[in-house]
Amino acid sequence: MSAIDKWMETFSRLLARQSSRRSFLATAGAFIIGVGAAPLLPVARAHAGTGEEGDPTRCDYWRYCAIDGFLCTCCGGTTSSCPPGTVASSVTWVGTCRNPTDGKDYIISYNDCCGRSGCGRCTCQRDEGDRPLYRTDSANDINWCAGSSADIVYNCSTAVLMGVSTGD
Amino acid sequence: MRVWSSIAIAALMLVMAPATADELQPETLHVEKVPDGPRDHWIWIGDLGAQHNVDTRAMLFDADKGKMLGMLSTGFWSAGVLLPKSTGNVVALETFFEKGTRGPRHDYVTVYDPRTLLPLHEIEVPPRRMTALVQTRMAGLTDDDRFVAITNFTPRQTMTIVDLQKNRFVAETDTPGCGQIYPAGPRRILLLCGDASLKSMVLDDNGKVVKQTDGKPFFDPFADPVIVHAVRAGDDWLFVSLAGYIYQVDASGDEVKLREKWSLLTDGERADGWRTGGYQPLAVQKKDGLLYALMRKGPESTYEEPGDAVWVFDIATHKRVAEFDLANATLAIEVSQDANPIVYGASMKTVVPYWSLVALTLLGQKFEQLDVVKPALDVYDAKSGKLLRTVDHVASFATSLKQP
């Protein structure tokens, strides 16, 4: 390993230990991307309705605060639709994410899309508020295709806006 | 051109000349068997195939030689393997759809011969096995190796019992609010429930549940939940919470009780965000009573992300007796039980130089994290923490480790 590599690794490890929202690797990647990629960032997009900003094909999009899976926006679907040919799961779990545009907390339903093998694109793991499997209502490790008509064949995950959280 | 071709052919014939037809021993294609010999440092890796989970695998490695010995195709989103010591067989939790991803679903408990890795018995069970990113504790063997218990989720919660002596499905029992499975006796299993208790279930000789005992909550499932992966030390099960506390429960009596709660962390380390990481962060070295914990530093939401250090604790005194950094970001650890123990790490190794990632980024190239990492098996000396070897390109998404 070259000296610069060793230095980069050490620096990345330190960074990962300080604070990270996503994986060590994602954090290292974010750092690396952050070094010189500011001009490359996608132009913030405003969405109708809630007034949203950000790129729904990127893991740092605000609605994905508690997601774990492949983003349907990269797989032929959107944040609120499944890719063609798949089946939307009816049972799922919900998270609460803060929209940075208006500062409000919103209920997000992370329905899985099922019936095709894993899409394999735009892997995203954020896990804010995720709980272990015995807390099924808040567990994003569960394959929520269970119970769908396509059974457990998982393709990707959506992030459907359900409403404003009252905090109760 | 033709002249040169003739010369080349003549030269080739000269090179081949020493091997006459009489001397040549043709090779015979054959199929290997898993070799005999010490298995102290062998490890089964559960490959969840996250990018394409219709094709999960279980792969057997010799960690001393850094050599792959064989593998199983465990179908759709397997819960990995169970390893009954009494028979030495390999028991896999498998799911298949008749048309790949469509058609009727079939779940099996498949018993494999440990030498040939061929199926000995394919026991069909109700097609309701729970699938999740965590593979450990989704099924368990009773201590006498007789029965397999499997957690189901549709989202109705039930438990399937399979008899490994008669190689048949026994029954499916409702287990509302309870799921993951922890053996606690020859015919007894515990189920972790949503109210933070462990329910005890005793089976008779036919695998029928004959006694159920509810437990009392032993942790706060809202303020500081434990992860479902846990390890066993004698009659105790050790659970770890997101805030780095060990909840050590005594499973010897009818009702499971909290023996003690102790901490992996100092208050300062907890404030700094240290906690366990990955999907299988605990391992016990039984002879010396040591707990190996895969550690990381980050906010609570990173509790399943890779760890980069191992801390070693004396279970009796709760003291941290060693710690070492890991070579790669690691998702699961296990420790061997022999006189010269090793620590296995299922890791995500960055396979391109870090400086090149910076260069690519500066050049405007976008890449995902999984583009630049490959799962690896790291092997460490359990006493010194020294990295002994890294086996590259193991599995596609390794989240569990199990020793024969």
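Just wondering, is there one or more residues in the stretch B:160-172 that are within 14 Å of another protein chain (Cβ to nearest Cβ) and either part of a loop (DSSP other than H, G, I, E, B) or not basic (Lys, Arg) (or both)? Scanning the stretch B:160-172, I find no residue that is within 14 Å of another protein chain (Cβ to nearest Cβ) and either part of a loop (DSSP other than H, G, I, E, B) or not basic (Lys, Arg) (or both), so the answer is no. So which residues in the stretch B:327-355 are touching a residue at least 12 places away in the same chain (Cβ under 8 Å) and more than 22 Å from residue B:60 (Cα to Cα), if there are any at all? Within the stretch B:327-355, B:350, B:351, B:352 meet the criteria.
Taking the stretch A:105-122 on its own, how many of its residues are among the charged types (D, E, K, R) and under 15 Å from the mean Cα position of the chain (by Cα)? Summing the residues that are among the charged types (D, E, K, R) and under 15 Å from the mean Cα position of the chain (by Cα) in the stretch A:105-122 gives 2. Among the residues making up the stretch B:76-106, a single one is surrounded by fewer than 24 Cβ atoms within 10 Å (Cβ to Cβ), among the small types (Gly, Ala, Ser) and touching a residue at least 60 places away in the same chain (Cβ under 8 Å): B:88. Please determine, by comparing only the residues of the stretch B:24-54 that are among the polar types (S, T, N, Q) and under 19 Å from residue B:375 (Cβ atoms), which one is surrounded by the most Cβ atoms within 10 Å (Cβ to Cβ). For the stretch B:24-54, the residue satisfying everything is B:53. Name the single residue that is nearest to the other protein chains (Cβ to nearest Cβ) among those in the stretch B:177-205 being in a loop (DSSP other than H, G, I, E, B) and touching a residue at least 40 places away in the same chain (Cβ under 8 Å). Of everything passing the filter in the stretch B:177-205, B:197 is nearest to the other protein chains (Cβ to nearest Cβ). In summary, residue A:82 fulfils each of the numbered conditions (1) at pLDDT 90 or above; (2) facing chain B (nearest Cβ under 8 Å); (3) more than 14 Å from the chain's Cα centre (by Cα) with the single exception of condition (2). Checked against (1) part of a loop (DSSP other than H, G, I, E, B); (2) more than 29 Å from residue B:57 (Cα to Cα); (3) not polar (S, T, N, Q), residue B:358 passes all but condition (1).
Filter the strands (runs of 3 or more DSSP E) completely within the stretch B:237-302 down to those with at least 1 residues that are within 19 Å of the chain's Cα centre (by Cα) and either exposed (fewer than 15 other Cβ atoms within 10 Å of the Cβ) or not assigned by TED's automatic domain parsing to the domain that holds residue B:202 (or both).
Values: elements: B:245-250, B:257-263, B:274-276, B:282-285, B:290-297.
Strands (runs of 3 or more DSSP E) meeting the threshold: B:274-276, B:282-285, B:290-297.
Would you check which residues across the stretch B:18-33 are of a type in the set (A, V, I, L, M) and modelled with pLDDT of 90 or more and list them?
First pass over the stretch B:18-33, keeping only residues of a type in the set (A, V, I, L, M): B:19, B:21, B:24, B:29, B:31.
B:24, B:29, B:31, listed by residue number.
Here is a check on your reading of the model: is residue B:301 under 27 Å from residue B:133 (Cβ atoms) and either of a type in the set (Gly, Ala, Ser) or in contact (Cβ under 8 Å) with a residue 12 or more places away in the chain (or both)? Considered against the rule, which asks whether it is under 27 Å from residue B:133 (Cβ atoms) and either of a type in the set (Gly, Ala, Ser) or in contact (Cβ under 8 Å) with a residue 12 or more places away in the chain (or both), residue B:301 comes out as yes. Evaluating residue A:94 against the criteria (1) surrounded by 19 or more Cβ atoms within 10 Å (Cβ to Cβ); (2) more than 13 Å from chain B (Cβ to nearest Cβ); (3) within 30 Å of residue B:239 (Cα to Cα) leaves one unmet condition, (1).
Quick test for you: out of B:359, B:327, B:382, B:322, pick the one residue that is surrounded by 15 or more Cβ atoms within 10 Å (Cβ to Cβ), over 23 Å from residue A:141 (Cβ atoms) and within 14 Å of chain A (Cβ to nearest Cβ).
B:327
Scanning the stretch A:109-120 for residues that are of a type in the set (D, E, K, R) and either within 26 Å of residue B:227 (Cβ to Cβ) or more than 8 Å from chain B (Cβ to nearest Cβ) (or both) yields a single hit, A:112. Among the residues of the stretch B:319-352, those that are among the charged types (D, E, K, R) and either touching a Cys at 6+ places or on another chain (Cβ under 8 Å) or in a strand (DSSP E or B) (or both) comprise B:320, B:323, B:325, B:334, B:349.
Of the residues making up the stretch A:134-148, those that are within 19 Å of residue B:127 (Cβ to Cβ) and at the interface with chain B (Cβ under 7 Å from one of its Cβ atoms) number 4. Within this structure, residue B:109 fails the test of being among the β-branched types (Val, Ile, Thr), in a loop (DSSP other than H, G, I, E, B), crowded, with 22+ Cβ neighbours inside 10 Å and touching a Leu at 6+ places or on another chain (Cβ under 7 Å). Criterion first (without any contact (Cβ under 8 Å) to a residue 60 or more places away in the chain and either more than 8 Å from chain B (Cβ to nearest Cβ) or charged (D, E, K, R) (or both)) does residue A:126 satisfy it? When the stated conditions are applied, residue A:126 does not pass them.
If only residues of the stretch B:55-75 that are within 13 Å of the chain's Cα centre (by Cα) and not β-branched (Val, Ile, Thr) are counted, the one that is surrounded by the fewest Cβ atoms within 10 Å (Cβ to Cβ) is B:59. Evaluated against (1) loosely packed, with under 15 Cβ neighbours inside 10 Å; (2) of a type in the set (Phe, Trp, Tyr); (3) modelled with pLDDT of 95 or more, residue B:222 falls short on exactly one condition, (3).
Residue A:162 falls short on exactly one of the conditions (1) part of a loop (DSSP other than H, G, I, E, B); (2) surrounded by fewer than 20 Cβ atoms within 10 Å (Cβ to Cβ); (3) among the hydrophobic types (A, V, I, L, M, F, W, C), and that condition is (1).
The values are calculated or read from the model by the stated rules, or taken from the named source; none is laboratory data. Just so it is clear, the model here is predicted, and its values are computed rather than measured. Heads up, the Cβs are rebuilt from the backbone with ideal geometry, glycines too, and the neighbour counts pull from every protein chain shown.
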